[in-house]
Amino acid sequence: MKQLERLLFLQGNRCFLCHHPIAPGEASVEHLVATSNGGAKDDENCIVCCKAANAALGSLSIKAKFQAVLSHRGALSCPHVPHAEPQPTSAQPPSELAERIKQVVVDLQKRGSARPRRLSTLKNTINALFKMQLLEADLNLLVDSLAAMGHVVVSDEKVTYALPPRDA
Ligand SMILES: [Zn+2]
């Protein structure tokens, strides 16, 4: 068994960084301390992640990689994930919805007073955040969840916000 396949198995056949299920063909071994920086090739120094993410991390220092992962605030989505087919809403694990809600809230917080005022604009904004890969049902579920959490108030087409304070 190759290291890639073995580590992938140990990771539950999911990308170490974004937790999406990945096939061995979409995965690659990422050396946390790059081999060009003297990093070892043993399991202690290796993770398996989406090829695109591996390319993006390249031979950054371990500090820079750590920073890149942290900057996604627990909602890292690898670039150009080839398996990101939109799933029917009902088949999504609840954690994925929670992750999306987190991303939307952070994005809306960043917009300050430039937040969408209309429901259709809000949905477009959310869809753009997820690279236009969401279905209408996904968008409705997200908006409904945000409303249920009290983060947004939708009245007819108008949207107002009551977002939680930004993380310090
Ligand atoms: Zn990934």
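The values are calculated or read from the model by the stated rules, or taken from the named source; none is laboratory data. Just so it is clear, the structure is predicted and the values come from calculations on it, not from any experiment. Neighbour counts run over all protein chains shown; Cβ positions are idealised from the backbone, glycine included. Just so you know, the surface numbers come from the protein's heavy atoms only, side chains and all, with ligands and any DNA or RNA stripped out. Shrake-Rupley method; radii C 1.70, N 1.55, O 1.52, S 1.80 Å.
Observations, loosely collected:
- Members of the range 47-74 found to be more than 30 Å from Arg166 (Cα to Cα) and either within 11 Å of the ligand (Cβ to nearest atom) or crowded, with 19+ Cβ neighbours inside 10 Å (or both), listed by number: Ile47, Val48, Lys51
- Residue count for the range 103-152, restricted to those that are over 17 Å from the mean Cα position of the chain (by Cα), in a loop (DSSP other than H, G, I, E, B) and without any contact (Cβ under 8 Å) to a residue 12 or more places away in the chain: 0.
- Selection from the range 146-162 of residues that are among the hydrophobic types (A, V, I, L, M, F, W, C) and open to solvent by less than 40 Å² (accessible area, probe 1.4 Å): Leu146, Val152, Val159
- Hits in the range 119-143 - residues which are under 26 Å from Cys78 (Cα atoms) and open to solvent by 40 Å² or more (accessible area, probe 1.4 Å): Thr121, Asn124, Ala128, Leu129, Lys131, Met132, Gln133, Leu135, Glu136, Ala137, Asn140, Leu141
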